[in-house]
Amino acid sequence: MKNVRRSADALVGMLPYDPKYKKSNTLLSANESPLNVPDAVLDAVLERVRTLDFNRYPDPLANALRVAIAEWHGLKAANVLVGNGGDELLYDIFVAWGGPERSLLTFPPTFSVYETNAVLTSTQVVNIPRREDDWSIDVDRACERLATGDIDIVVITNPNNPTGTMTPLEDIRRILDASDALVLVDEAYGEFADESAAKLLDEYENLLILHTFSKAYRCAGIRLGYFLGNPSVINEFKKVRQPYSVDAISQIVGEEVVRNRALFTEGIEVTRVERDRLIAALSELPKVTVYPSEANFVMLKLPFAMRTWSDLDEKHSVLVRNVSGENHLAGCLRVTVGTPEENDRFLAALTEELDDLANQR
């Protein structure tokens, strides 16, 4: 067989993104909602899909959805860009603002895709690790680094994944004031928290906010996300986004979710209550450190994390996310907040495994 020319240099040694998905009875690993969309939303979508012209391309900019999202947030359509999930939009940042001789500033541990996208686009990565006592950003150090003037992109995940912690708005404001770099505040889990950086949009042209339909709005399966930003910034993304990236069915789903968003409020509140219950229960377990969270997941640290993660799946069919191999996260697991029944199943399984470990010592 004739050989193929090797791939781009940026791919050498790179491992594909691996969500470590397994088919388990209790899936608490991917930060998905444990609930499907409400029946009223599903019925409305199915009714509209029956009349859809599948032979026609979708609206390239998903304008009806852009208008609906803008009205929801008290903005104009020019402040909104819709994409094929947050992942496409995150990649577009590095196409538009990254590249050779450009730099990303990020605060690990955080979502690994930022750094992956930087590497793929030959963007230099500058990491300022979070404080390991409370996973907060060292804002003084960040501002000092930004003062050098060579940072083009800053990413703050809020709440942060996988730690669940929030960066206060006053700290975000300090970072925005310190530089003209594009500052992305990734609010993929923002609906589970108490505040948003959206109130700063009128003040800062360099502020960009990412939202997704995958978490609080239960639509991980259709791939839909959006940016909120200054029109001048949104226009730059229009230049690099893939044409027709948001298919017609996803646009319909997004419109119906926005129209019926009040139906999701109760589920969001239940998740917040269950999250706090999980934190309280985990804090009572011996040798377990659980961290505060304002997301739909909880991170904990415990002995023998890899073995515990494996035993939870193999012996109890409870799948959580093992993050113990990542920098700064030795001994840590991340657990998505599920239904009350799923959370009880996880707590019972973890308690059993911890008891077994204690008896073996």
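No lab work stands behind these numbers, since they all come straight from the coordinates. Keep in mind that what you see is a predicted model, and the values were worked out from it rather than measured. Don't worry about glycine lacking a Cβ; one is built from the backbone with ideal geometry, like all the others, and counts go over all protein chains shown.
Neighbour counts of C-beta atoms inside 10 Å place 249, 172 in the sequence 249, 172, starting with the fewest.
Evaluated with a Cβ-only charge set (Lys, Arg +1; Asp, Glu -1), the chain carries a dipole of roughly 1100 debye about its Cα centre, given to the nearest 20. Calculated from the structure at hand, volume of the Cα convex hull per residue in Å³ is found among (1) 148; (2) 139; (3) 171 as (3). Of all DSSP bridge pairs formed entirely within the chain, close to 50 percent run antiparallel. Over the chain, DSSP H runs of length four or greater, each weighted -39,500 (n - 2.57), average out per residue to a 222 nm ellipticity of -11500 deg cm²/dmol. Ordering 213, 237 from the fewest to the most neighbouring beta carbons within 10 Å gives 237, 213. Ordered by the number of other Cβ atoms lying within 10 Å of each residue's own Cβ, fewest first, 223, 5, 259 fall into the sequence 5, 259, 223.
Summary of packing: across the peptides 158-168, 187-197, 128-138, the per-residue average of other C-beta atoms within 10 Å ranks them, highest first, as 158-168, 187-197, 128-138. Ranking 166, 127, 70 by how far each Cα lies toward the positive end of the dipole of region 39-262 (charges on Cβ) leaves 70 at the top.
For the chain, the number of Lys pairs with C-alpha atoms closer than 18 Å, counting only pairs eight or more positions apart or on separate chains, is 6. Using a simple spin-label model with pseudo-atoms 7 Å out from Cα toward Cβ, residue 35 and residue 173 lie 3.4 nm apart.
Please tell me the relative contact order of region 102-216 in percent, rounded to the nearest whole number, where contacts are Cα pairs under 8 Å and at least six residues apart.
The value is 24 percent.
Both radii come from the Cα set of region 1-122: Rg as radius of gyration, Rh as Kirkwood radius; their ratio Rg/Rh reads 1.04.
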